[in-house]
């Protein structure tokens, strides 16, 4: 048995995951800036990749899914490129 | 239902003068990977079969297989299949047993195999009973000449397991376009959301790149590679057509 969520919930989960990833990026950028006083970090590129979106079983829709009824997981990866000036 | 979600944040620092110079000419961008998926009703079915002969000498295996192939052609013609509905891959050689041969060892024999593709694109695609009946007849007739169903997975894991029949669409261009639009539409709100967090505004699209559809990679010859269609399904109801894009937005 596979548990899943609808499209609206799926969008909401990805949005929340993206927000969390961005918070982590900001924290790490803050740490990097603190370690280099007098220099400026400037973002030059951000890459967003949702993960595990596609269904491996072709009859099932491309929605996040889980074998456990308690939790459906989604993951996103934010890849940030910055310049140190 | 309690939801969990994971995230990964990866930071790359650009280092080195050359890289920095390269970046000076590059506009800052937000890239979003996105996938659009639409379902198409299949308009052709492909039955996958394989004729194989094994003998200690390659020439004997070839001779035996060529005879079987000729007989298969005759039987398919008798069933009413025209030349454009049947394709043979041609005879190919492989060491018998498929094992590894170290230190100059020779195989004990040779396999000669020939894939057969039978295309069904008539009214049977609208009637599952008629389709199954035609497929059964082909399988049984081909079984009489020693052909066996090919068990290569069609494209992905199917709830029905491996099938000897794949469904596809002859011209997927309209569906690809629809999936492309869907992927573009999905990417923009994500880019806007990231831009909002960065306190910047999207100013345009710098590039859109599409990635090819992933297909199960086999170690051995895959008959799917020899069929002139791109999207496959084991379902008569729908062929999923996915388009994956990376949209690179500029911002200021």
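The values are calculated or read from the model by the stated rules, or taken from the named source; none is laboratory data. Not measured: the values here are computed from a predicted model. Every residue, glycine among them, receives a Cβ derived from its backbone with ideal geometry; neighbour counts consider all protein chains shown.
Descriptive notes on the structure:
- Restricting attention to segment B:214-252, the residues that are surrounded by fewer than 15 Cβ atoms within 10 Å (Cβ to Cβ), under 18 Å from residue B:176 (Cβ atoms) and modelled with pLDDT under 85 total 1.
- Any hit, segment A:25-46, residues being assigned to a loop (DSSP other than H, G, I, E, B) and at pLDDT below 85: no
- Conditions (1) at pLDDT 95 or above; (2) more than 14 Å from chain A (Cβ to nearest Cβ); (3) more than 18 Å from residue B:48 (Cβ to Cβ); number of the one not met by residue B:210: (1)
- Scope segment A:62-85; condition farther than 19 Å from residue B:9 by Cβ, crowded, with 16+ Cβ neighbours inside 10 Å and within 7 Å of another protein chain (Cβ to nearest Cβ); matching residues: A:62, A:72
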